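Chemist: There's a structure below that I have some questions on.
The values are calculated or read from the model by the stated rules, or taken from the named source; none is laboratory data. The model shown is predicted, which means the values in this text are computed figures rather than measured ones. Cβ sites come from the backbone with ideal geometry, for glycine too, and all protein chains shown count toward neighbours.
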Amino acid sequence: MAGERAASTDPDALSWYEATARQRVVALADPGSFREFLPPTERRMSPHLPLFDLPRAFDDGIVVGRATLDGSPILIAAQEGRFMGGAFGEVHGAKLVGLLRAALELTPRAVLILFDTGGVRLQEANAGETAIAETMRAIVDVRAAGIPVIGLIGGRAGCYGGGGLIAGTCSRLAVSEGGRISVSGPEVIETNKGAEEFDSRDRALVWRTMGGKHRRLTGGADAFCADTVSAFRRAALDLIGRAPSFDLETLEAEQARLEARVARFGDCRDATDVWRRLGVNDPETVPAMDTDAFTATVARVREADHDAR
Amino acid sequence: MESLTFRHTTKKPLAGSLPNAITGVVASGNLEILLERVLPPDACEVAIETPIAGYGDVWEAVVADFVARAQPGGLRISINDGGARPDTVSLRLLQGARLMEV
Amino acid sequence: MTLAEILGSLFPDGHSVTVREGLVGGSGPFAGNSLAIVGVDGDTPLGIDGALTLARSVLDTVRAGGRTPILVVVDSDSQRMSRRDELLGLNEGLAHLAKALLLADRSGHPTIGLIYGHSAAGAFIATALATRVLAALPGADPSVMDLPSVARVTKLPLDRLTEMARSTPVFAPGLDNMVATGAVHAVLDPEQPLHGQIRDLIAGLEPGDARDRLGAERGGRPMAQAIADAVIDQARSG
């Protein structure tokens, strides 16, 4: 929508974590290049939330459209983590599925997914779950057509539940310190298995186990960004240029990579144990490292970089 | 959910030519406002969907105050409310009007 | 039906399928070829170790070639909820399994899901929902979350949710609702041999993802297909 122009801010100064989905998209893309599909003026809202007496959003919590990135055409989707936790409902999910299917026709340079989600929207659980499955199939189709699908993760809702599975289906992932990737959220584990298994109030434990630094060090993400839109833009451009293909060779490499990870770290209780075994000298210092220090640490960890996704 | 609609006549149209804009996010204590330049230049309509029933008179006062200050002639304004306080609503309405003044 | 009954009905001449710690693997003779079986039995939660075991089996089938169909049998819990699984990157493990199944389908191996018990959340997405066509047996109980948990999260009284569930398939657990949303393509007849019913499903496979169309036709997902199509239309017209 036109109003986004006024909402855009300096990408060097704009915090990814604090920005809205719309601000991220507009500041990430080339200036003025974003065109939204099914914009808020079309009012494609959830048909289900009123049953629960819950407010709706004009875009159902996801912004989709096309833009250019360094002059190349891309398709882009951004979830709004503040609306219903960025969760997948029927319309929300279908917008992402449609965008990915459109990529097969339009053959853009890449599809960017700006994750910010708690997973399935429970009020529309069956539709959300099915949309996640459709999204994963569509991503595989797009990747097999030679189009990179890049996930960017650094929002306040993180990337949980089915969102974590979709992320694992992408060609490449960039993550910031604030980005968390996980299937079961801390509260879900605690509710089902008790606080001895996972104390969800222990925020340091949450960041160590699911946070961007752990994912980057273990190869669960391919780039680590400072919390600015321009850092994510640079990471996206870099990752587009080195996306793995989707074929048997890649998946066999991923099989070997993940089996090796389980064999090597399967008895670790805490992320610091994993980091020590990865060769990080002072694993206790990792959470407090700034981006430069952390990037230097990652450069010494062999497992962090691979084409096995 | 409660639906409220307020119609006003303004003394002048809102400056600028931007056809539409959106500001805010539907979240607890927050709201989103969609502004569309689709009405006659001396008309303004504000439609609100809110999960918190029973505050129609507060909304009416906030909207009347906004219309008097911004003179948003020509605008249809649609609000999805997440339970925002009146001062937040006022602030967002004025932000939205400023976005349209280009 | 139990897994043993299913396998008996699929393979009247015998099979090599085994179950180890709730993980199913093996094959049997099928329509002049063989049918590979992977899956989860006994309401077992799917963790990263199990996901990798199943994925390896799927990739082995792909590497062997021969267009062998793969049947994914599912009676699972949700994903295994543990600190260890998340520390080891469960999202990558489950996504890897789903990708292996999607690759198999793309590589000429028809993938068919068969849910005969429970399944939920991440385990459901990584197994049954990653197949080309998903069938169910009566009594199957797929869900995203049970109603008492939904009541806790949505802060709505359970009796009101139970009432809403009768008229609103989009959120309520259960097989009928997953059929209505299009996630489950077909419900099989346990009184008839499964061999022929699975063979017919394979013969009738359509290209593309039919789930949003089925959801629109059956009324369980009234808007999804129209929304996805509208995005494609607007993308085309630039």
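Chemist: Only one of B:Ala70, B:Ala15, B:Ala61 is more than 28 Å from A:Ser46 (Cβ to Cβ) and within 11 Å of the chain's Cα centre (by Cα). Can you tell me which? Step through it out loud before you land on a result.
Modeler: Numbers: B:Ala15 fails: within 11 Å of the chain's Cα centre (by Cα); B:Ala61 fails: within 11 Å of the chain's Cα centre (by Cα).
Unique residue meeting the criteria: B:Ala70.
Chemist: Exactly one of (1) under 30 Å from A:Arg137 (Cβ atoms); (2) in a helix (DSSP H, G or I); (3) not acidic (Asp, Glu) is unmet by A:Ala296. Its number?
Modeler: Among (1) under 30 Å from A:Arg137 (Cβ atoms); (2) in a helix (DSSP H, G or I); (3) not acidic (Asp, Glu), A:Ala296 violates only (1).
Chemist: Please state which one of C:Ala95, C:Ala100, C:Ala104 is more than 8 Å from every other protein chain (Cβ to nearest Cβ) and either in contact with a Leu (Cβ under 6 Å, 6 or more places away or on another chain) or of a type in the set (A, V, I, L, M, F, W, C) (or both).
Modeler: Numbers: C:Ala95 fails: more than 8 Å from every other protein chain (Cβ to nearest Cβ); C:Ala100 fails: more than 8 Å from every other protein chain (Cβ to nearest Cβ).
Answer to the check: C:Ala104.
Chemist: Looking at C:Gly204, C:Gly208, C:Gly219, which is the one that is more than 30 Å from C:Asp13 (Cβ to Cβ) and more than 10 Å from chain A (Cβ to nearest Cβ)? Full working, then the answer.
Modeler: Values: C:Gly204 fails: more than 30 Å from C:Asp13 (Cβ to Cβ); C:Gly208 fails: more than 10 Å from chain A (Cβ to nearest Cβ).
Every option except C:Gly219 fails the conditions.
Chemist: Could you tell me which residue of the stretch C:3-28 is farthest from C:Ser143 (Cα to Cα), considering only residues that are assigned to a strand (DSSP E or B) and over 17 Å from the mean Cα position of the chain (by Cα)? It would help to see each step written out before you state the result.
Modeler: Of the residues in the stretch C:3-28, the ones assigned to a strand (DSSP E or B) are C:18-20, C:23-28.
After this cut, where a residue has to be over 17 Å from the mean Cα position of the chain (by Cα) as well, the list is C:18-20, C:26-28.
On the way: C:Thr18: 26, C:Val19: 23, C:Arg20: 24, C:Gly26: 27, C:Ser27: 28, C:Gly28: 30 Å.
Of everything passing the filter in the stretch C:3-28, C:Gly28 is farthest from C:Ser143 (Cα to Cα).
Chemist: On to the next question. Being surrounded by fewer than 24 Cβ atoms within 10 Å (Cβ to Cβ), more than 28 Å from C:Arg152 (Cα to Cα) and more than 7 Å from chain C (Cβ to nearest Cβ), is that true of even one residue in the stretch A:73-96?
Modeler: Within the stretch A:73-96 (the criterion being surrounded by fewer than 24 Cβ atoms within 10 Å (Cβ to Cβ), more than 28 Å from C:Arg152 (Cα to Cα) and more than 7 Å from chain C (Cβ to nearest Cβ)), the answer is yes, since at least one residue qualifies.
Chemist: Now for a separate question. Mind checking which residues of the stretch C:99-116 are more than 23 Å from C:Gly174 (Cβ to Cβ) and among the hydrophobic types (A, V, I, L, M, F, W, C)? Write out each step before concluding.
Modeler: Let us first name the residues in the stretch C:99-116 that are more than 23 Å from C:Gly174 (Cβ to Cβ), namely C:99-111.
Hits for the stretch C:99-116 are C:Ala100, C:Leu101, C:Leu102, C:Leu103, C:Ala104.
Chemist: Let me ask something additional. Looking at the stretch C:113-125, is at least one residue among the aliphatic types (A, V, I, L, M) and away from every other protein chain (no Cβ under 11 Å)? Write out each step before concluding.
Modeler: First, pick out the residues of the stretch C:113-125 that are among the aliphatic types (A, V, I, L, M): C:114-115, C:120-121, C:123, C:125.
Those still in the list that are away from every other protein chain (no Cβ under 11 Å) too: C:114-115.
Taking every residue of the stretch C:113-125 in turn, at least one turns out to be among the aliphatic types (A, V, I, L, M) and away from every other protein chain (no Cβ under 11 Å).
Chemist: If we keep just the residues of the stretch C:168-194 that are within 9 Å of chain A (Cβ to nearest Cβ) and assigned to a helix (DSSP H, G or I), which is nearest to C:Asp75 (Cα to Cα)?
Modeler: Checking each candidate, the answer is C:Met178.
Chemist: Can I ask one more? Which residue is farthest from the other protein chains (Cβ to nearest Cβ), if the candidates are limited to the stretch C:77-86 and must be part of a helix (DSSP H, G or I) and crowded, with 24+ Cβ neighbours inside 10 Å?
Modeler: Of the stretch C:77-86, the ones part of a helix (DSSP H, G or I) are C:83-86.
Narrowing the set further to residues that are crowded, with 24+ Cβ neighbours inside 10 Å leaves C:85-86.
Working: C:Asp85: 8, C:Glu86: 5 Å.
Checked the stretch C:77-86; the qualifying residue farthest from the other protein chains (Cβ to nearest Cβ) is C:Asp85.
Chemist: Name every residue in the stretch C:194-228 that is surrounded by 17 or more Cβ atoms within 10 Å (Cβ to Cβ) and of a type in the set (Asp, Glu), in order of residue number.
Modeler: C:Asp209, C:Asp212
Chemist: Which residues, taken from the stretch A:253-309, are of a type in the set (A, V, I, L, M, F, W, C), surrounded by 14 or more Cβ atoms within 10 Å (Cβ to Cβ), in contact with a Ser or Thr (Cβ under 9 Å, 6 or more places away or on another chain) and more than 10 Å from chain C (Cβ to nearest Cβ)?
Modeler: Matches in the stretch A:253-309: A:Trp275, A:Leu278, A:Val280, A:Val286, A:Met289, A:Val301, A:Ala304.
Chemist: Turning to a different aspect of this structure: Does A:Ala110 qualify as being small (Gly, Ala, Ser) and touching a Pro at 6+ places or on another chain (Cβ under 6 Å)? Break it down stepwise before answering.
Modeler: Values: small (Gly, Ala, Ser): yes; touching a Pro at 6+ places or on another chain (Cβ under 6 Å): yes.
Spelling it out, A:Ala110 is indeed small (Gly, Ala, Ser) and touching a Pro at 6+ places or on another chain (Cβ under 6 Å).
Chemist: Hey, any hits in the stretch C:94-106 for a residue that's in contact (Cβ under 8 Å) with a residue 40 or more places away in the chain, farther than 28 Å from C:Gly32 by Cα, in contact with a Phe, Trp or Tyr (Cβ under 7 Å, 6 or more places away or on another chain) and of a type outside the set (A, V, I, L, M)?
Modeler: Scanning the stretch C:94-106 turns up no residue that is in contact (Cβ under 8 Å) with a residue 40 or more places away in the chain, farther than 28 Å from C:Gly32 by Cα, in contact with a Phe, Trp or Tyr (Cβ under 7 Å, 6 or more places away or on another chain) and of a type outside the set (A, V, I, L, M).
Chemist: Still on this structure: Look through B:Leu18, B:Leu34, B:Leu39 and report the one residue that is modelled with pLDDT of 95 or more, in a loop (DSSP other than H, G, I, E, B) and within 10 Å of chain A (Cβ to nearest Cβ).
Modeler: Working: B:Leu34 fails: in a loop (DSSP other than H, G, I, E, B); B:Leu39 fails: within 10 Å of chain A (Cβ to nearest Cβ).
Within the list B:Leu18, B:Leu34, B:Leu39, the selection yields B:Leu18.
Chemist: While we're here: Restricting the first residue to the stretch A:256-282 and requiring it to be on the phi > 0 side of the Ramachandran plot, which pairs with a second residue that is surrounded by 13 or more Cβ atoms within 10 Å (Cβ to Cβ) meet a Cβ separation below 8 Å and a spacing of at least six or different chains?
Modeler: Partner pairs satisfying both residue conditions: A:Gly279/A:Val301.
Chemist: Among the residues of the stretch B:75-88, is there at least one that is over 19 Å from A:Asp59 (Cα atoms) and of a type in the set (Asp, Glu)?
Modeler: yes
Chemist: A further question on this structure: For the stretch A:98-197, give me every one of the helices (runs of 4 or more DSSP H) that falls completely inside it and has 3 or more residues that are among the polar types (S, T, N, Q) and within 11 Å of the chain's Cα centre (by Cα).
Modeler: On the way: elements: A:125-144, A:162-169, A:186-193.
Correct list: empty, since no element meets the threshold.
Chemist: Looking only at the stretch C:110-169, how many residues end up being of a type in the set (Asp, Glu) and crowded, with 22+ Cβ neighbours inside 10 Å?
Modeler: Pass one, the stretch C:110-169, residues of a type in the set (Asp, Glu): C:141, C:146, C:159, C:163.
Now drop any that are not crowded, with 22+ Cβ neighbours inside 10 Å, which leaves none.
Result for the stretch C:110-169: 0.
Chemist: Here is a list: A:Gly179, A:Gly220. Which entry is touching a helix residue (DSSP H, G or I) at 6+ places or on another chain (Cβ under 7 Å) and within 8 Å of another protein chain (Cβ to nearest Cβ)? Reasoning before the result, please.
Modeler: Numbers: A:Gly179 fails: within 8 Å of another protein chain (Cβ to nearest Cβ).
Matching residue, one of A:Gly179, A:Gly220: A:Gly220.
Chemist: For the stretch A:27-66, which residues satisfy the criterion of being away from chain C (no Cβ under 11 Å) and of a type in the set (Gly, Ala, Ser)?
Modeler: A:Ala27, A:Ala29, A:Gly32, A:Ser33, A:Ala57, A:Gly61
Chemist: Still on this structure, I have one more. Restricting the stretch A:215-252 to residues that are within 17 Å of A:Pro148 (Cα to Cα) and β-branched (Val, Ile, Thr), which is surrounded by the most Cβ atoms within 10 Å (Cβ to Cβ)?
Modeler: Among residues in the stretch A:215-252 that are within 17 Å of A:Pro148 (Cα to Cα) and β-branched (Val, Ile, Thr), the one surrounded by the most Cβ atoms within 10 Å (Cβ to Cβ) is A:Ile240.
Chemist: A further question follows. Tell me, please, whether a residue that is assigned to a helix (DSSP H, G or I), modelled with pLDDT of 95 or more and either surrounded by 24 or more Cβ atoms within 10 Å (Cβ to Cβ) or within 14 Å of chain A (Cβ to nearest Cβ) (or both) can be found in the stretch C:29-46.
Modeler: Restricting attention to the stretch C:29-46, the residues satisfying the condition of being assigned to a helix (DSSP H, G or I) are none.
Scanning the stretch C:29-46 turns up no residue that is assigned to a helix (DSSP H, G or I), modelled with pLDDT of 95 or more and either surrounded by 24 or more Cβ atoms within 10 Å (Cβ to Cβ) or within 14 Å of chain A (Cβ to nearest Cβ) (or both).
Chemist: Are there any pairs with C-beta distances below 8 angstrom linking a residue in the stretch A:114-133 that is within 7 Å of another protein chain (Cβ to nearest Cβ) to a residue that is of a type in the set (Phe, Trp, Tyr) and surrounded by fewer than 24 Cβ atoms within 10 Å (Cβ to Cβ), with the two at least 6 apart or on different chains, and if so which?
Modeler: Cβ pairs passing all conditions: A:Gln123/A:Phe52.
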